[in-house]
Amino acid sequence: MSKIEAFEDLRIWQQARELSLWFYHLKKSTSLGSDFKLCGQADRSIGSVMDNIAEGFERNGKKEFLNFLSIAKGSAGEFRSQLYRIYDRDYISEDELEAKLAACKLLSKGISSFMNYLASTELPGWKFKEDQEEYTSKKALSIKPLKH
């Protein structure tokens with residue numbers, strides 16, 4: 001396993017991004033974009049998966065991260081439900097529905113697995129590492145001011 005240094009390194013975030021990009025192209029290539037409520041709700045739910053993974057990672061605390069991952073998992077389920085409405089309104093084929101449902105289930109499983117991994121680790125989070133530099137250190141304060 002490679003070292004995770006940023007939320008972009010997480011496979012679950014990458015999977016959510018792939019689904020979000022697919023959805024973007026779907027709304028641009030079909031009349032789904034004019035189904036404002038469904039389109040907006042689906043766009044927000046898949047975006048929420050990406051954003052909650054990112055925000056939880058950036059919070060640097062394990063408990064907070066687990067909470068945000070739980071929200072992300074719920075949003076993945078919400079998007080999966082919305083896929084049925086997208087299919088029922090004839091925006092996608094049955095084959096495409098099945099493929100995207102499988103991708104959503106894989107994403108949810110990945111989030112659950114990552115949550116189980118985090119819950120089993122002893123480190124309470126990156127912000128609790130003893131060797132982490134304080135924000136108020138001289139190094140952090142040596143940033144050059146912007147010129148006006």
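Looking at 110, 74, which is the one that is touching a helix residue (DSSP H, G or I) at 6+ places or on another chain (Cβ under 9 Å) and either without any contact (Cβ under 8 Å) to a residue 12 or more places away in the chain or not in a helix (DSSP H, G or I) (or both)? So that I can check it myself, show each step before the final result.
Numbers: 110 fails: either without any contact (Cβ under 8 Å) to a residue 12 or more places away in the chain or not in a helix (DSSP H, G or I) (or both).
Answer to the check: 74.
For region 2-15, state whether one or more residues are modelled with pLDDT of 95 or more and among the small types (Gly, Ala, Ser).
no
Out of everything in region 24-42 that is part of a helix (DSSP H, G or I) and in contact (Cβ under 8 Å) with a residue 24 or more places away in the chain, what residue ends up being surrounded by the most Cβ atoms within 10 Å (Cβ to Cβ)? Even if it seems obvious, please write down each step before you answer.
Step one: filter region 24-42 for residues part of a helix (DSSP H, G or I), giving 24-29, 31-34, 36-42.
Now narrow it down to the ones that are in contact (Cβ under 8 Å) with a residue 24 or more places away in the chain: 26, 31-32, 38, 41-42.
Values: 26: 18, 31: 11, 32: 20, 38: 15, 41: 15, 42: 24.
Result: 42.
Return only the number of the condition from (1) at pLDDT below 95; (2) assigned to a helix (DSSP H, G or I) that residue 124 does not satisfy.
Among (1) at pLDDT below 95; (2) assigned to a helix (DSSP H, G or I), residue 124 violates only (2).
The values are calculated or read from the model by the stated rules, or taken from the named source; none is laboratory data. Only a predicted model underlies this, so the values are computations on that prediction, with no experimental measurement involved. Every residue, glycine as well, gets a Cβ built from its backbone with ideal geometry; the counts of neighbours run over all protein chains shown.
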